[in-house]
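Down below is the structure, laid out as structure tokens.
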Amino acid sequence: MNIEHKLTQALREEAEARDVDVTRLWAETQALLEEQPPRRSRHLPLVAAAAALVVTAGVAGLTQLDGPGDSDPAGQVTPERDAVDDEFTCPEQITHDWTRPDSVTDDYFVASLRGGPERQAAGYGAARYEFEEQGDRAFLRFGNADGSLATLSEFRLDSNGAWARYRTDVCVGENGSVAVPANGDLDLGPHGSDDPYSIDDSVYGERKGYAVLVDDRTYYDHVGLVRQRSLYALNCGRRICLTSTEDQGGGGTSLRPGVVPQDVSHLFLPTDEIPERKNPYGLWAIYDVDGVVADVTAHLRGGGEMSAQTFYASPWPGQLHMLLAPFHRVERITVHRRPGSSPGVPQVESFAPEDLPNLGPGTVNR
């Protein structure tokens, strides 16, 4: 998801949810930005994004916040030195060969020692780091809070006696996905965390108290670090808002009432701006306010069927049906209506996944 789509989504949610006091919101955003040290962040907070979009004629200036290359990242964490594993334990790794710039597709990460190893680790949000020199070679490791190795960068001395980037190995999930392995990964709900991210009070106000946690799990970010993502649903007037919350921001969309599944896979695991990483899951949603839908099922290639999970919180009208399935195995999605609920309409209706409305900014990278 690029920055323009994130801004558009944030603005849409603001418009659905409230009357925006543009002057106040812009002033608060400016004050917040002035208080924060510079940081190479990949996401804008939703409120700041919405305010910026409202008062700015275009987004050309805003996109400069996501500048690529060998910058000097200033992080907001203090990583712990040493105690990073020597070997990878993640399912797979991808390699950036810095001797062949044309083969490196990640514009948001360039291995560097500028400012020192700690500053580099802090800038990318690594909980731990380790740096060692071995003659004409040096190694910088980024680690997660448990010490597991996320990123291994190798440097070599050049003819001027300076360290030059040579190679970086980065953690990814199975088959190059962003997904961290999890038990019961095809069930929506909390996965291994007792502390999901919360919804921003300044965006949703009192309605935050009526939000339902749809899913909470971890993924690998663009430098291989394990990040957490929490997905919520809450009532937004005549719609249901879905918001995905991460440590560097998030994204969201809103669902109109209806009985046709809508593809919201882009909110499930982030693949935006993470080259060659994939979201192996498909996520479809129906907001049924009239009690028409009895079940939503996915029919899988090779056999098998999966059913949607249902979410509700007072004072929502109706229920939210969420169907999670392995995207590449889904042959069709079927909506089962309650008997007698829709005279003259087929009780069972099936759809090909590619024919369903996609509420994301485009095709999800799979």
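The values are calculated or read from the model by the stated rules, or taken from the named source; none is laboratory data. Here the structure is a predicted model, which means the values were calculated and not measured. Ideal geometry is used to build each Cβ from the backbone, glycine not excepted, and the neighbour counts take in all protein chains shown.
State all residues of the stretch 233-251 that are over 30 Å from residue 142 (Cα atoms) and assigned to a strand (DSSP E or B); if no residue qualifies, say none.
233, 234, 235, 236, 239, 240, 241, 242 - these are the residues of the stretch 233-251 that are over 30 Å from residue 142 (Cα atoms) and assigned to a strand (DSSP E or B).
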Task: Count - residues of the stretch 118-140 that are surrounded by fewer than 23 Cβ atoms within 10 Å (Cβ to Cβ), out of contact with any Pro (no Cβ under 6 Å at 6 or more places or on another chain), not in a loop (DSSP other than H, G, I, E, B) and not acidic (Asp, Glu) - done: 5
Open item on the list: I need the full set of residues from the stretch 87-109 which are part of a loop (DSSP other than H, G, I, E, B) and at pLDDT 95 or above, in order please.
Closed with: 87, 88, 89, 90, 91
Task: Any chance residue 168 is under 28 Å from residue 326 (Cβ atoms), of a type outside the set (A, V, I, L, M, F, W, C) and part of a strand (DSSP E or B) - done: no
TODO: For the stretch 138-147, state whether one or more residues are closer than 24 Å to residue 100 by Cβ, at pLDDT 95 or above and small (Gly, Ala, Ser).
DONE: yes
Open item on the list: Checking residue 148 against (1) in contact with a Cys (Cβ under 9 Å, 6 or more places away or on another chain); (2) not assigned by TED's automatic domain parsing to the domain that holds residue 122: exactly one of these is not met. Which one?
Closed with: (2)
- [ ] Please list, ordered by first then second residue, the pairs with beta carbon atoms under 8 Å, 6 or more apart or interchain, first in the stretch 132-150 and closer than 12 Å to residue 90 by Cα and in contact (Cβ under 8 Å) with a residue 40 or more places away in the chain, second surrounded by fewer than 11 Cβ atoms within 10 Å (Cβ to Cβ) and acidic (Asp, Glu).
- [x] 149/86; 149/87
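Table: residues versus (1) assigned to a strand (DSSP E or B); (2) aliphatic (A, V, I, L, M); (3) on the phi < 0 side of the Ramachandran plot.
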{"position": "254", "(1), (2), (3)": "yes, no, yes"}
{"position": "266", "(1), (2), (3)": "no, no, yes"}
{"position": "287", "(1), (2), (3)": "yes, no, yes"}
{"position": "295", "(1), (2), (3)": "yes, no, yes"}
{"position": "299", "(1), (2), (3)": "yes, no, yes"}
{"position": "302", "(1), (2), (3)": "no, no, no"}
{"position": "310", "(1), (2), (3)": "yes, no, yes"}
{"position": "320", "(1), (2), (3)": "yes, yes, yes"}
TODO: For the stretch 354-361, state whether one or more residues are in contact with a helix residue (DSSP H, G or I) (Cβ under 8 Å, 6 or more places away or on another chain), at pLDDT below 95, outside any strand (DSSP E or B) and farther than 21 Å from residue 188 by Cβ.
DONE: yes
Task: Selected residue [of a type in the set (A, V, I, L, M), over 19 Å from residue 320 (Cβ atoms) and at pLDDT below 95] from 179, 150 - done: 179
Open item on the list: One residue is enough: does the stretch 293-308 have a residue meeting the conditions touching a residue at least 60 places away in the same chain (Cβ under 8 Å) and loosely packed, with under 15 Cβ neighbours inside 10 Å?
Closed with: no
